[in-house]
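Values quoted throughout were computed directly from the atomic coordinates according to the rules given, and no laboratory measurement underlies them. Please read these numbers as outputs of a predicted model, since none were measured by experiment. All Cβ positions, glycine included, derive from the backbone under ideal geometry; neighbour counts span all protein chains shown.
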Amino acid sequence: MPAGLVLGVPTDLDALAASGIVSSEGIARAAQDLTRTEWIDSANGSDPNGIDDQSVGELIRARLGDEVHEKLVSPLLSGVNAGDADYLSLAAGAAQIAVAARKSPSLITALREQTTAAQHHPDAPVFHGIPVGTQTLTDLILARLTQVDVPVHLSCPVSSIAPNGSGWTVTTPLGAIAADEIILATPAQPTARLLDSIAPETADDLASVEYASAAMVSLAVSKKSLGVPLDASGFLVAQTDPLPTLTACSWASAKWAHLDDPEVAILRISAGKHGDTHALDLDDSSLVEALGVDLNTTMGITAPPIESRVTRWIDALPQYRPGHPARVAAWRAGVSDEAPGIHLAGAAYDGLGLPACIRQGRQAAADIA
Ligand SMILES: Cc1cc2nc3c(=O)[nH]c(=O)nc-3n(C[C@H](O)[C@H](O)[C@H](O)COP(=O)(O)OP(=O)(O)OC[C@H]3O[C@@H](n4cnc5c(N)ncnc54)[C@H](O)[C@@H]3O)c2cc1C
C-alpha cells in the first residue's frame with residue numbers, strides 16, 4: 001500500500017503513482033480534487049452532525065474518481081465491514097473521512113491537514129493487538145467483576161424484559177432478575193426481540209439492521225512453500241478483481257512479532273461477505289481447499305497447509321447504511337422515552353471496532369452512574 005493512505009484515501013499522489021495500484025488516468029482524476037474549490041456533493045459543510053449522510057462510495061467516487069474508490073477505499077472499508085463501501089454510511093463507517101469531507105471541497109487537502117494536526121509519531125505502530133489473545137479482555141473483565149462480588153451468569157440468554165413498577169424484570173433460564181437499569185449490549189436482532197413489547201417502534205427498526213457473516217481461516221504454511229516474500233502486512237481483494245473465495249489475507253506472522261517463526265508462516269484469511277455466503281456454505285476442509293486455490297493464484301503457494309483452523313462468525317458484522325447515525329439517535333430517543341433505564345451499546349450503534357464498543361460501554365455505564 002502506498003504511504004499516506006487515510007482509511008484507503010490517498011493523500012500522497014506521488015506515492016500512489018509509484019505503487020502502480022491505480023492507472024495514470026485514475027491518478028489524474030484523483031488530482032482534480034486538489035484544485036477543487038466548489039462543493040460537488042452533499043458533504044458541504046452544512047451538516048456538522050453527519051445526519052445528512054451519504055455512502056462512502058458516493059463521496060469517494062465523486063471527489064476522487066471510481067478507480068481510487070474501487071482499488072483502495074472500497075477494498076479496505078468493504079473488507080473491515082464484510083460489506084460493500086458503496087452502501088456503507090460515510091458518517092458511521094468512515095467518520096474520519098466524513099469530518100474531512102465537510103471541512104473542504106478538496107478531500108485530500110482536508111485529510112492532509114487532519115493528519116498534520118494529529119501529529120502521529122512516524123514510528124507509531126499501524127496495528128494494535130493483544131499478544132496473548134483478544135479473549136484476555138473479556139477474561140480480565142470477568143475476573144475484576146468477580147473480585148468485587150458482581151454476579152456474572154455466562155451462557156444465560158435473557159428471554160424477556162418487562163416493567164415491574166419501579167424498574168425491570170429480566171427473565172433468564174436461572175430465574176427472574178430485578179434491575180433498576182439495563183445495558184442491552186446484544187446485537188440488533190436479539191435487542192429488537194427484547195424491546196418488542198416495551199418499545200415496539202424502535203424494535204421494528206432495529207430488527208431491520210442487516211448483518212454479514214464471515215469465516216476466518218488461520219493457516220500455518222511452510223515458509224519454503226511461499227512464492228512471494230512476506231514483506232507487508234497482507235493483501236485485500238478488490239471487488240473489481242474478485243477471487244472465488246478469499247476476500248483478504250493478513251500475513252499474521254509478518255504483522256505480529258509474537259507470531260513470527262523461522263520455518264512457518266501464519267496467514268489469517270477472511271472469506272464471505274454480506275450477500276455472499278458461498279464460502280460459509282462449504283464444510284471446513286472444502287473451504288481450506290478453496291482458499292488454497294486462491295493462495296496459489298495470489299502467493300504462488302502450492303503445498304497444502306501444515307495446520308488450519310476455521311472460525312465462522314455468523315451474522316456478526318452489522319451493515320451501517322447511509323443515515324445510520326440518525327437511526328441510532330432515534331433508537332436511543334425511543335428507548336429513553338418508552339423504556340427509561342434501558343441503555344443501548346455495542347457494534348450495532350456507534351462503531352463496530354473494539355475501541356468503539358468499549359467507548360459505548362463506558363458511556364452507558366457513565367449514563368447510569
Ligand atoms: C471476523 C471478525 C473480525 C473482527 N476483527 C476486528 C479487529 O481486528 N479489530 C476490531 O476492533 N474489531 C474487530 N471485529 C469487530 C468486533 O470484534 C465486534 O464488532 C465486537 O466484538 C462486537 O462487540 P459487541 O459486544 O457489540 O457484540 P458481540 O461481541 O456480538 O456480543 C454480543 C453478546 O450478546 C450475547 N447475546 C445475544 N443474545 C443474548 C440474549 N438474549 N441474552 C444474553 N446475551 C445475549 C451474545 O452471546 C454475545 O456474547 C471483528 C469482527 C469479526 C466478526
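Tabulated values for the structure
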| item | result |
| --- | --- |
| Over segment 231-369, relative contact order from alpha-carbon pairs under 8 Å, at least 6 apart, % | 13 percent |
| Relative contact order [Cα under 8 Å, 6+ residues apart], the chain, whole percent | 18 percent |
| FRET E, pair Asp231, Thr35, Förster distance 41 Å, beta-carbon r, rounded to 0.05 | 0.70 |
| Part-to-part distance (alpha-carbon centres) for segment 312-363 and segment 207-227, which is given in Å | 26 Å |
| Dipole in debye (nearest 20) - the chain, about Cα centre, beta carbon charges: Lys, Arg +1; Asp, Glu -1 | 600 debye |
| Net dipole in debye of segment 5-118 [+1 Lys, Arg Cβ; -1 Asp, Glu Cβ; about Cα centre; nearest 20] | 260 debye |
| Within the chain, longest stretch free of exposed chymotrypsin sites (Phe, Trp or Tyr not before Pro) [DSSP loop, at most 15 other beta carbons within 10 Å] | 128-369 |
| Dipole axis of segment 211-318 (+1 Lys, Arg; -1 Asp, Glu on Cβ), positive-most option in Thr277, Pro262, Ser308 | Pro262 |
| For Ile183, distant residues with modelled amide H under 5 Å away | His343 |
| Long-range lysine pairs (8 or more apart or interchain), the chain, Cα under 24 Å | 5 |
| For the chain, diffusion coefficient by Stokes-Einstein and Kirkwood Rh (Cα), 37 °C, 0.692 mPa s, µm²/s | 144 µm²/s |
| Check: segment 211-318 dipole with +1 on Lys, Arg Cβ and -1 on Asp, Glu Cβ, in debye | 200 debye |
| Interchain or long-range residues, amide H under 5 Å from Leu317's placed H | Ala212 |
| Cα gyration tensor category, rounded, prolate or oblate, for segment 1-135 with a/c compared to 1.5 | rounded |
